[in-house]
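Right, one structure below, let's go through it.
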Amino acid sequence: MKDEDWAVVVGCLAGFWPHQLVPEESLILWRQTLDDLVGEQVKAGIESLYRTGREYPPNGAQIRLEVLRLSMDAPEWSEVWSTICNGIGRFSMERQVEMRAEMEALSPLCVVLFDRIDWREFRFSEDPMTVKEAQVRGKWEGLVADQTRQGALQGLPSAGLAELERVNTAPRRLAMDRTLRAIEGGNETS
């Protein structure tokens, strides 16, 4: 992030939360946490936190998570579930490719969910639809949380810790691909 972008970020923090100014030492650490993100996106993340009623200034990690959340653009569960139900009604088991395409049109993250569901079991199980929905919703919420966590940890030195090594060495995939490519493409350091 350029120095002038960082100055705007610091100005936003001071302007939105004038009753509690952030110490200089904290700002130095927060910049390290946010430096690989695009300044305009960081500013938007801060404004999002402010507009949703946050009383105290967010720390660097909270701002990073908000930028990742906004970048991921995960559809609401109701939209995902509706697409699944409509697809099951319209597409036979032999037409799963078409249903997968509909999920992909909704979000890249939905394709990952699609690939994690045993569709034969889902279609032919005698479980009530409410049970099926709860199972798939649990997978969806776990997937979104995992993607957010991976984005938050991306770039941290691994220090020999298995999860950090996996996050930093695994091929980038899933919904964070688009987010991280956008961040990297717009990143300019000073």
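The values are calculated or read from the model by the stated rules, or taken from the named source; none is laboratory data. In this text the structure is predicted, and so the values were computed from the model without any measurement. Cβ coordinates were reconstructed from backbone atoms using ideal geometry, including for glycine residues, and neighbour counts include every protein chain displayed.
Summed over segment 152-189, residues that are of a type outside the set (S, T, N, Q), in a helix (DSSP H, G or I), under 12 Å from the mean Cα position of the chain (by Cα) and at pLDDT below 85 total 4.
One residue stands out among those in segment 15-41 that are surrounded by 15 or more Cβ atoms within 10 Å (Cβ to Cβ), of a type outside the set (A, V, I, L, M) and part of a helix (DSSP H, G or I): the one that is farthest from the chain's Cα centre (by Cα), which is F16. With respect to the conditions (1) over 23 Å from R149 (Cα atoms); (2) assigned by TED's automatic domain parsing to the domain that holds V10, V97 lacks only one, and its number is (2).
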